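Worksheet: one structure, shown below.
The values are calculated or read from the model by the stated rules, or taken from the named source; none is laboratory data. In this text, all values refer to a predicted model and were calculated from it rather than measured experimentally. Note: ideal-geometry Cβ built from the backbone for every residue, glycine included; neighbour counts use all protein chains shown.
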Amino acid sequence: MGDLTGRTALVTGASRGIGQAIAARLAAQGAVVIVHFGTDKDGATATVDAIGRAGGTALAVRAELGVDDDVETLFAGVEAGLAGRPLDILVNNAAAAPAGPLGVTTRTEFDHLFAVNVRAPYFIIQRALPLLRDGGRIVTISSVATRMANPSQTSFAMTKGAVETMSMTLANQLGVRGITVNAVAPGATRTATNGAVFETPGLAELIAGTTALDRLGGPDDVADVVAFLASDAARWITGQVIDASGGLFLGPRA
């Protein structure tokens, strides 16, 4: 995987789960990583400390997304952390969880989903552009929920469909600066946060049985894909949604 020494990265929602793994992977490849968190200060501190113990460099920045002045709060910390350096890599990972099926999701929950999952990444990118160097990388985490019908995640899937369209459109706009813009779509990914969900009897086996690679994903499976897109090796890939689900629900395996 590509060397990111001397580059800077901002990873939103990096205090746990997939975001934490992405931050650790980018740092392991040499990037100085800004670890964003919303409420989980302990998790963000643990992420920064783990990166430091592994020989990397990271710092934490707090900003609750989906509220007034969220982007301004975030970038006050980001610019302080960059200390005049440009930003090389932006990973929009932070997201609100699915709120439920049609008829259950409230207007407040729906608006919150779109505020965190769509509005925040859009305006984070807008705010980051003056800082982002030519040839930089933007990666937004989507979901396989956009390519399959799951009634319990309708509003969530809508938000991820929006950021996929955003990524394609911005790739076309920003390509003249050599900036690539892509999305990564994980499937069922077991993390320390959601691990209890997969302890439901038979659930892990059911999902593995409908996955081409016959297992659940882990945070590192997604982080490696993001790190590839952030590297020079992915310089000719833009405007794409990269499925990082292990082949979830591709069709009958029989």
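Elements of the type helices (runs of 4 or more DSSP H) sitting completely within segment 64-159 and holding at least 1 residues that are modelled with pLDDT of 95 or more, touching a Phe, Trp or Tyr at 6+ places or on another chain (Cβ under 9 Å) and within 21 Å of A44 (Cβ to Cβ): these cover 70-82, 120-128. When A227 is tested against (1) under 19 Å from A21 (Cβ atoms); (2) in contact (Cβ under 8 Å) with a residue 60 or more places away in the chain; (3) not in a helix (DSSP H, G or I), just one condition goes unmet, and that condition is (3). Considering each residue of segment 173-191 in turn, at least one proves to be in contact (Cβ under 8 Å) with a residue 12 or more places away in the chain, surrounded by fewer than 20 Cβ atoms within 10 Å (Cβ to Cβ), touching an Asp or Glu at 6+ places or on another chain (Cβ under 9 Å) and part of a loop (DSSP other than H, G, I, E, B).
Listed by first and then second residue, the pairs linking a residue in segment 95-111 that is more than 20 Å from T140 (Cβ to Cβ) and in contact (Cβ under 8 Å) with a residue 24 or more places away in the chain to a residue that is of a type outside the set (V, I, T) and in a loop (DSSP other than H, G, I, E, B), with Cβ atoms under 6 Å apart and 6 or more places separating them unless they lie on different chains, are T105/A99; E109/A99. When the residues of segment 193-224 are filtered to those that are part of a loop (DSSP other than H, G, I, E, B) and among the hydroxyl-bearing types (S, T, Y), the one that is farthest from S167 (Cα to Cα) is T200.
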